[in-house]
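The values are calculated or read from the model by the stated rules, or taken from the named source; none is laboratory data. As the structure is a computational prediction, the values presented were derived from the model and not from experiment. All Cβ positions, even for glycine, are placed from backbone atoms using ideal geometry, and neighbour counts span all protein chains on display.
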Amino acid sequence: MKTKHVKLLMTALCYSVLVGSGSTTLYGQWYIEGGNTRHRFAQMRVGAELRSLLTTGKTIGLRAPGERGKIDVPGRLTPAIVVGGLHFWGHADFYVSIPLVDLYRAENTSLTKASYASGIRTGARAFPIRLQDGIPAPYLGFDWSIDSYEQSGLDSRTGPALVLQRFNANAGLALLSDFGLIDLGMQYWLPADENYPFSRSEFITVDLPQWALNLAYSYVFDTTIGAEAIELNGERERREKLLADKNELNDWYIGLGVSSAFTLSPSSYNRFERPFVNFAPPPTILPEVTGGFYHNNIDAALQLAFRPIVQEQRAYGLDQHWRRLSLALEAVKFLFDYNGFVPFAGLSLGYEELEFREWDNQEQVTDISDSRLTPAFLFGWDIRPNRLNGFTIRTALRYTPYLGIAMAGDRRVEFNQLEFNFFQFIFYPGR
């Protein structure tokens with residue numbers, strides 16, 4: 001999905017929450033003022049950040065025609081959309097960051113054009129001293145980022161956007177106020193190097209960057225605090241019991257969210273036939289649409305989930321295109337309720353349409369497709385302060401362990417994926 005489409009979709013989803021919740025409160029100190037109740041357990045944050053690579057790494061390139069040597073990988077300054085959730089009454093933060101178009105990128109000083117990009121980041125931060133109004137709070141955390149590196153090769157054609165799954169530690173300071181949440185942090189990756197194809201047959205070593213600096217602002221808001229009054233006076237329990245006795249808490253729902261997909265296994269086809277590209281396709285961002293029925297008495301749901309997953313890569317004149325359309329029937333069981341934090345586990349059986357295509361110097365050389373039923377596993381959690389609300393917020397992981405297309409010569413193109421739906425808004429129209 002194009003960056004501008006991601007931005008529009010994320011903005012629309014966040015706006016729908018603000019508009020759809022008449023009890024939304026736009027202030028960040030609920031858990032300080034009213035104690036550690038279930039309606040003060042979590043708040044949402046939506047904002048933006050700037051990322052700056054402080055060390056950009058080294059690669060082998062052409063300093064002049066026919067002259068090789070080590071060159072710098074230029075730095076960059078990149079804005080990103082951030083969506084997160086403050087949990088455990090200000091002691092933890094879970095978030096996803098989606099990069100946009102660079103504001104600044106240093107110029108290459110050699111004939112070789114090289115670029116390192118920090119991609120989608122998913123992470124968690126812990127605040128030993130919880131976030132409080134006007135008090136700087138230090139934090140420690142970690143990120144899982146999907147970064148990429150690419151450069152031009154011997155013939156000046158662009159090589160692959162090498163997919164890099166990197167884990168980093170981060171630390172910083174955050175300040176919460178009526179204005180919002182501001183934080184400044186530093187990221188650190190362990191020293192690492194990667195082999196990169198300088199042509200279709202020759203490889204070089206690239207030293208990856210180790211440090212980055214982030215400055216972020218988030219607008220913090222709560223969508224459930226308005227329902228706390230009926231919790232404290234016992235009205236919530238009375239209503240839930242009354243509606244449960246009438247089976248009126250059993251209800252249909254629809255879910256809208258932005259998800260990401262990561263192919264976990266390398267394709268043997270690329271490993272042996274196309275060694276100059278990524279063996280697994282790059283991650284991608286996609287919309288997810290869910291519709292289902294929730295049964296209150298057993299605290300479980302049956303749902304249909306639709307996801308269109310498209311992945312692409314190109315290098316030295318070769319273009320590869322993966323497409324997966326998935327419609328899955330899923331059974332989800334909620335496990336327990338900890339102050340509105342409600343984890344679940346489930347099983348899925350999906351009808352999968354798979355397609356893999358290749359073009360070599362604009363001539364199509366591969367076009368293969370398949371369809372089948374495939375099982376998958378689900379795990380995640382809902383933020384559900386009570387069972388009366390018209391919507392909940394869901395985070396979900398979906399793992400499809402064995403999915404691919406057989407090719408000639410005992411080769412395979414893999415589609416076995418981990419899907420991470422960081423925020424999905426579940427709406428109950430009947431409530």
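Considering the stretch 305-346, and only residues there that are touching a Pro at 6+ places or on another chain (Cβ under 6 Å) and not in a loop (DSSP other than H, G, I, E, B), the residue that is surrounded by the most Cβ atoms within 10 Å (Cβ to Cβ) turns out to be W322.
For L388, state whether it is in a loop (DSSP other than H, G, I, E, B), touching a residue at least 40 places away in the same chain (Cβ under 8 Å) and not charged (D, E, K, R).
The answer is yes for L388.
Being hydroxyl-bearing (S, T, Y) and either in a strand (DSSP E or B) or touching a Ser or Thr at 6+ places or on another chain (Cβ under 8 Å) (or both) is the filter here; which residues of the stretch 263-283 pass it? Matches in the stretch 263-283: T263 only.
A single member of A117, A169, A174, A161 is under 22 Å from I98 (Cα atoms) and surrounded by fewer than 17 Cβ atoms within 10 Å (Cβ to Cβ), and it is A169. Quick one: is L86 of a type in the set (A, V, I, L, M), at pLDDT below 85 and in a strand (DSSP E or B)? Judged against the criteria, L86 is a match. Across the stretch 284-299, the qualifying residues are those that are over 17 Å from the mean Cα position of the chain (by Cα) and part of a strand (DSSP E or B), and the one among them that is farthest from L242 (Cα to Cα) is T290. Starting from residues that are part of a strand (DSSP E or B) and in contact with a Leu (Cβ under 8 Å, 6 or more places away or on another chain), keep the ones in the stretch 117-134 and report whichever is farthest from A280 (Cα to Cα). Step by step, filter the stretch 117-134, then rank; the result is D133. The residues in the stretch 398-431 that are in a loop (DSSP other than H, G, I, E, B) and within 21 Å of E330 (Cβ to Cβ) can be counted, and the count is 9.
Can you work out which of the residues in the stretch 92-112 that are assigned to a strand (DSSP E or B) and over 24 Å from A171 (Cβ atoms) is modelled with the highest pLDDT?
R105
Within the stretch 211-256, track down each residue that is at pLDDT 80 or above, of a type outside the set (A, V, I, L, M) and assigned to a strand (DSSP E or B). If the condition is that a residue be at pLDDT 80 or above, of a type outside the set (A, V, I, L, M) and assigned to a strand (DSSP E or B), then W211, N214, Y217, S218, Y219, D251, W252, Y253, G255 are the ones that fit.
I want to confirm something. Restricting to the stretch 39-58 and keeping residues that are modelled with pLDDT of 75 or more and crowded, with 19+ Cβ neighbours inside 10 Å, which single residue is farthest from Y338 (Cα to Cα)?
Let us first name the residues in the stretch 39-58 that are modelled with pLDDT of 75 or more, namely 43-53.
Filter once more, keeping what is crowded, with 19+ Cβ neighbours inside 10 Å: 43-47, 49, 51, 53.
On the way: Q43: 15, M44: 18, R45: 21, V46: 24, G47: 27, E49: 31, R51: 35, L53: 39 Å.
Here the answer is L53.
Residues of the stretch 334-352 that are under 23 Å from the mean Cα position of the chain (by Cα) and of a type in the set (D, E, K, R): E352 alone. With respect to the conditions (1) part of a loop (DSSP other than H, G, I, E, B); (2) modelled with pLDDT of 85 or more; (3) in contact with a strand residue (DSSP E or B) (Cβ under 9 Å, 6 or more places away or on another chain); (4) not β-branched (V, I, T), D143 falls short on a single one, namely (1). Can you find a residue in the stretch 318-337 that is charged (D, E, K, R), out of contact with any Leu (no Cβ under 7 Å at 6 or more places or on another chain), over 30 Å from R200 (Cβ atoms) and outside the structural domain of L86 (by TED's automatic domain parsing)? Checked against the condition, which is being charged (D, E, K, R), out of contact with any Leu (no Cβ under 7 Å at 6 or more places or on another chain), over 30 Å from R200 (Cβ atoms) and outside the structural domain of L86 (by TED's automatic domain parsing), the stretch 318-337 yields at least one hit.
In the stretch 402-416, is there at least one residue being out of contact with any Asp or Glu (no Cβ under 9 Å at 6 or more places or on another chain), surrounded by fewer than 16 Cβ atoms within 10 Å (Cβ to Cβ) and either over 30 Å from I98 (Cα atoms) or touching a residue at least 60 places away in the same chain (Cβ under 8 Å) (or both)? Among the residues of the stretch 402-416, at least one is out of contact with any Asp or Glu (no Cβ under 9 Å at 6 or more places or on another chain), surrounded by fewer than 16 Cβ atoms within 10 Å (Cβ to Cβ) and either over 30 Å from I98 (Cα atoms) or touching a residue at least 60 places away in the same chain (Cβ under 8 Å) (or both), which makes the answer yes.
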